[in-house]
Amino acid sequence: MFNLILFGPPGSGKGTQSDRLVAKYGLIHLSTGHLLREEIAQKTPLGLEAKGYIDKGQLVPDAIVIGMVDSYFDKHKDSKGFLFDGFPRTVAQASALDKLMERKKTNIASVLALEVSEDELVKRLLNRGKTSGRSDDTNEGVIRQRFAVYDNETSPVADHYKKKGKFQAVRGEGTVDEIFNSICEAIEEKMD
Ligand code: AMP
């Protein structure tokens with residue numbers, strides 16, 4: 001298996017780039033945000049619980065997210081590999097992912113981190129909010145809250161992978177094609 005994590009703040013382009021990356025490398029896209037929105041659309045108990053957190057710009061509790069990742073992984077366990085998008089978002093989630101990788105006798109090849117300035121992120125998210133139908137993208141207060149959560153809870157995940165020598169920063173500004181090419185270069189270094 002060849003497993004990657006696409007890391008970065010809200011609006012850094014993880015979703016856009018993931019769609020292209022999974023097509024190019026034949027990976028399974030595991031986006032926890034997407035899985036949660038599906039649960040919300042189906043009005044499941046998990047979805048109803050998650051919605052309260054998402055609408056406030058807070059993280060959904062680790063136990064819910066980790067359980068969801070475990071079962072999605074099992075459903076696709078014969079795949080070539082996974083592209084994790086929006087997960088892990090806390091150090092506890094990163095530790096749970098380490099354990100999952102160990103149990104499945106595989107590993108994370110690399111963490112690719114998209115770097116984008118905060119002004120550009122706000123601009124992109126408000127723009128996306130006009131068409132995405134995502135309640136958490138239309139309110140600047142909720143967007144700022146998501147950045148605060150990212151700084152406090154998610155950025156320590158970078159150190160978790162830096163210590164393992166798996167962290168690669170990629171410039172997340174420029175055209176979608178330029179960013180995609182930079183990510184592919186970083187991936188191919190790891191494949192050699
Ligand atoms: P995203 O689509 O990745 O931007 O996620 C949208 C929202 O879903 C986030 O702001 C969180 O409220 C929730 N969410 C997604 N992934 C996670 C995760 N790994 N841990 C906790 N909450 C998450």
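Remarks
- When you restrict to C-alpha pairs under 8 Å that are six or more residues apart and normalise by the size of the stretch 1-108, the relative contact order lands at 45 percent.
- Within the listed set ALA63, ALA169, ALA96, the residue fluctuating most in the Gaussian network model of the chain (springs between alpha-carbon atoms under 10 angstrom) is ALA63.
- Where labels lie 7 Å past Cα in the beta-carbon direction, separation of ALA63 and ASP151 in nm: 3.1 nm
- Helical runs assigned H by DSSP (4 residues or longer) give the chain a calculated mean residue ellipticity at 222 nm of -18000 deg cm²/dmol, each run adding -39500 (n - 2.57) before division by the residue total.
- With an a/c value of 1.5 or above and a/b not larger than b/c for the gyration tensor axes a ≥ b ≥ c computed over the alpha-carbon atoms, the stretch 126-179 is described as oblate.
- Oblate is the label for the stretch 90-192, because the ratio a/c of its alpha-carbon gyration tensor axes (a ≥ b ≥ c) is 1.5 or higher and a/b is not greater than b/c.
- Between amide H atoms placed 1.01 Å from N, distances below 5 Å from SER110 occur with ILE5, all of them 5 or more places distant or on a separate chain.
- Carbon-plus-sulfur accessible fraction, the stretch 1-131 (probe radius 1.4 Å, protein heavy atoms only): 53%.
- Heavy-atom accessible surface of the stretch 4-191, averaged per residue, reaches 50 Å², computed with a 1.4 Å probe.
- Unit Cα scatterers, Debye sum, the stretch 30-124: log10 I(q)/I(0) for q = 0.24 Å⁻¹: -1.33
- Mean projected area (nm²) of the alpha-carbon convex hull when the stretch 115-156 is viewed from all directions: 3.0 nm²
- Calculated FRET efficiency for the pair THR175/THR138, C-beta based, R₀ 30 Å, to 0.05: 0.70
- Within a Gaussian network of the chain (alpha carbon springs, distance under 10 Å), most fluctuating of ALA41, ALA92, ALA158: ALA41
- Comparing THR44, THR138, THR90 in a Gaussian network model of the chain (Cα springs below 10 Å), the most mobile by mean-square fluctuation is THR44.
- Cα centroid separation, the stretch 49-97 to the stretch 129-192 (Å): 16 Å
- The Cα trace of the stretch 4-191 gives Rg and Dmax of 15.8, 43 Å, the first to one decimal, the second as a whole number.
- Stretching the chain fully between THR106 and HIS34 yields a gain of 23.5 nm (0.36 nm per residue, less the alpha carbon separation).
- For the chain, the relative contact order is 32 percent, taking Cα pairs closer than 8 Å that sit 6 or more residues apart in sequence and dividing their mean separation by the residue count.
The values are calculated or read from the model by the stated rules, or taken from the named source; none is laboratory data. All of these numbers come straight from a predicted model, not from anything done at the bench. All Cβ positions, even for glycine, are placed from backbone atoms using ideal geometry, and neighbour counts span all protein chains on display. Surface accessibility is based on the protein's heavy atoms, side chains included, excluding ligands, DNA and RNA. Shrake-Rupley method; radii C 1.70, N 1.55, O 1.52, S 1.80 Å.
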